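**Q** Have a look at the structure that comes next, please.
The values are calculated or read from the model by the stated rules, or taken from the named source; none is laboratory data. The structure displayed is predicted, hence computed values, not measured ones. No Cβ is skipped: glycine too gets one built from the backbone with ideal geometry, and neighbour counts run over all protein chains shown. All accessible areas refer to the heavy atoms of the entire protein, side chains included, with ligands and DNA or RNA removed. Shrake-Rupley method; radii C 1.70, N 1.55, O 1.52, S 1.80 Å.
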Amino acid sequence: MKKLLISCLLFSLCPAFAQVKITKEQMMFYTSDWKGDRFPDGRPKVQDDLLKRALDVSIEDVWDFLREHGYRNQFEGNWQALHIEKPFAGRALTAQYMPLRPDMAKAIAAEGKAEGRVSGTNSWPINELQIGDVYVADGFGKIIEGTLIGSNLGNGIAAHTHTGFLFDAGIRDQEENREIPNFNGFYRGSDPSAWAQMELTAINSPIRIGRAVVLPGDLVLAKTDGVLFIPAILAESAISSAEFTNLTDSFNFELNQQGKNGAEFEGGWTPKKYAAFAKWVDAHPDKLKMPRAEFDELLVSHTHPRPAPRAPAEP
């Protein structure tokens, strides 16, 4: 009996873990390779300057880098947008939605009440957003009655992030959402119907957006051609690599236009050409976005590439 009483007492002293929003321990598990700054809940906090630098690189150049490092499921295309011509970038705050199931909805509503949450569950992730975030939601592609936001919640997202959202779902009030300053969003479609028969099941969990896998804290790069979800652990190196490629392309384009590339329209990168490229960068310092030391390191690695490791001899 004493053991039972002690067990009950210990259980009552243990905090109840939320089921919708993942715990800091779970966040650390999924993002254990991240060594930089984090938000209080454990979400990786990619540097602010990378969010700005990402806007000037191409989807293809970053995509190539990610594939070379084994990340083949980070791109998704075919979006509608509030402002398709305006790229945006930010840190992912993720949310997962499922079709409504009454018993599950009852349990989630009870948890929300205990946590002091208000309004519909589609507003819960908005309260978690920070400046520079992108609200990324898996709404299983639902558009009719899958409108995760209207203009009221759109204004809420804009106020919290100054960035925007990306929904594998629908929205309503397109016209009013387009008028919100400092705001953009990608989504599958629009419909005048209200959100219905859907339930929030997770905040800041790993989610799937089409063919892409997204972790909280990923750097989201949304451009006209689609969206790339860049793992936080690779964000800096991926952006720098893409910037370096952009610089070499600009130099090579100039040579082609001047007829100085011979027949090497796409390549011919010898140490001599890299030396000329370095002088060209010196003459165009405004084109260099990364720290000079980082550029010099990339230049050395391209000028003197390490040989590929040899396969072990067969016995």
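**Q** Does Gly90 qualify as being modelled with pLDDT of 95 or more, small (Gly, Ala, Ser) and either closer than 26 Å to Asp286 by Cα or open to solvent by 60 Å² or more (accessible area, probe 1.4 Å) (or both)?
**A** Spelling it out, Gly90 is indeed modelled with pLDDT of 95 or more, small (Gly, Ala, Ser) and either closer than 26 Å to Asp286 by Cα or open to solvent by 60 Å² or more (accessible area, probe 1.4 Å) (or both).
**Q** Still on this structure, please answer the following. Quick one: what pairs do we get from segment 272-284, first residue among the basic types (Lys, Arg), second surrounded by 11 or more Cβ atoms within 10 Å (Cβ to Cβ) and at pLDDT below 85, C-beta under 6 Å, 6+ apart or different chains?
**A** Within 6 Å, no pair qualifies.
**Q** Ok, one more. Please find, within segment 77-87, the residue that is most open to solvent (accessible area, probe 1.4 Å) out of those that are within 19 Å of Asn182 (Cα to Cα) and in contact with a strand residue (DSSP E or B) (Cβ under 8 Å, 6 or more places away or on another chain).
**A** Per the criteria, the residue is Lys86.
**Q** Same structure again: Could you list, in sequence order, the residues of segment 161-172 that are crowded, with 19+ Cβ neighbours inside 10 Å and either among the polar types (S, T, N, Q) or closer than 17 Å to Val134 by Cβ (or both)?
**A** Thr161, Thr163, Gly164, Phe165, Leu166, Phe167, Asp168, Ala169, Ile171
**Q** Looking at Ala158, is it of a type in the set (A, V, I, L, M), in contact with a Phe, Trp or Tyr (Cβ under 6 Å, 6 or more places away or on another chain) and without any contact (Cβ under 8 Å) to a residue 60 or more places away in the chain?
**A** yes
**Q** Name the strands (runs of 3 or more DSSP E) wholly inside segment 189-237 in which the number of residues that are within 17 Å of Gly146 (Cα to Cα) and touching a residue at least 12 places away in the same chain (Cβ under 8 Å) is 2 or more.
**A** 198-203, 207-209
**Q** If Glu175 satisfies all but one of (1) within 25 Å of Leu55 (Cβ to Cβ); (2) open to solvent by 10 Å² or more (accessible area, probe 1.4 Å), what's the number of the condition it fails?
**A** The failed condition is (1).
**Q** Could you identify the single residue in Gly132, Gly120 that is open to solvent by less than 60 Å² (accessible area, probe 1.4 Å), within 30 Å of Lys52 (Cβ to Cβ) and either among the small types (Gly, Ala, Ser) or modelled with pLDDT under 95 (or both)?
**A** Within the list Gly132, Gly120, the selection yields Gly132.
**Q** Pull out all pairs, ordered by first then second residue, where Cβ-Cβ is under 7 Å, the residues are six or more apart or on different chains, the first lies in segment 20-43 and is within 21 Å of Leu200 (Cβ to Cβ) and touching a residue at least 40 places away in the same chain (Cβ under 8 Å), and the second is among the basic types (Lys, Arg) and open to solvent by less than 30 Å² (accessible area, probe 1.4 Å).
**A** Pairs found: Met27/Arg43.
**Q** Hey, can you tell me all the residues within segment 40-70 that are on the phi > 0 side of the Ramachandran plot and either buried (at least 20 other Cβ atoms within 10 Å of the Cβ) or modelled with pLDDT under 95 (or both)?
**A** Result: Gly42, single match.
**Q** Right, here's the next one. What is the residue count in segment 93-142 for residues that are within 22 Å of the chain's Cα centre (by Cα) and not hydroxyl-bearing (Ser, Thr, Tyr)?
**A** 23
**Q** Sticking with this structure for a sec: Within segment 264-273, is there a residue that is closer than 27 Å to Met27 by Cβ, more than 21 Å from the chain's Cα centre (by Cα) and not in a helix (DSSP H, G or I)?
**A** no
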